[in-house]
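I have placed the structure first, in the form of structure tokens, so that the comments after it can refer back to it.
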Amino acid sequence: MGNYQYVDIFATKGLEYLFVVGFLLTLVVFWRFLNRSSVPPRARTSAIPPASSAWFRIVDGVYFHQGHSWARVEDKETVVIGMDDFAQKLVGAIPTIHLPRLGEDVKQGTRAWELIFGSKTIPMRSPVSGRVVAVNEEVLSSPQVVNDDPYEKGWLMKVRPTGLRNDVTNLLSGNLARAWMEQTVDALRSRTSGNLGMVLQDGGIPVLGIAKNLSQDKWHEIASEFFLDVPGADEASSS
């Protein structure tokens, strides 16, 4: 017979099958790895939330004063004023609020209204200058409204601004307001170091009335620190 070379076709096909099977197994493993790595890791829980939004609410459309009051432009002749979520959580339930009278003038950075707690008084500062044209009668009769809804139903007064364009340059909004609130959270953490268990609920959310829970004797002093109630502040703002 001629010079023929014998080739085992089944053995050759078997090697091809092994290569195909190996390739498929590798592909399956690689596919599973990709899908596993694309799943985000489970969020870590912490007693102290890293973001201020978990503690104190910041809303869009308002300007914030660093004494924790806010201003919202209603129209070209009217600005709505209130106290922010940080302020109401810090002081807690408010027995009495003293608001300015209709027609009274308020000035940016100076005392505009007071929170009354028995013999203690916490003054708060106006975010803008203007003449008072309305006060929230519901807040006067039921201050709890401020705790329930500080940015809407819990507004305090309306003023006719006298220098709004200049005033807003001293206020914070949007991302700047959020960054400022982050700094405020850091300051509160530092100020309450060692006492966090007294001011946080389960899940790390602050209790209502943080200042009072921190120190029954000095909570007024702690609250005043965040509201810029320091000696000479009114004189410096009015000069």
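Coordinate-derived values only; no laboratory data. All values derive from a computational prediction rather than experimental measurement. We place every Cβ from the backbone using ideal geometry, glycine too, and count neighbours over all the protein chains shown.
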Likely footprinting exposure, Ser224, Ser126, fewest C-beta neighbours within 10 Å first: Ser224, Ser126
Within region 50-138, trypsin sites (Lys or Arg not before Pro) in DSSP loop having at most 12 other beta-carbon neighbours inside 10 Å: Lys76, Arg101
Of Lys107/Lys153; Lys120/Lys153; Lys107/Lys158, pairs whose Cα-Cα distance is over 18 Å: Lys107/Lys153; Lys120/Lys153
Distant-in-sequence amide H partners of Trp113 (H built 1.01 Å from N, under 5 Å): Met124
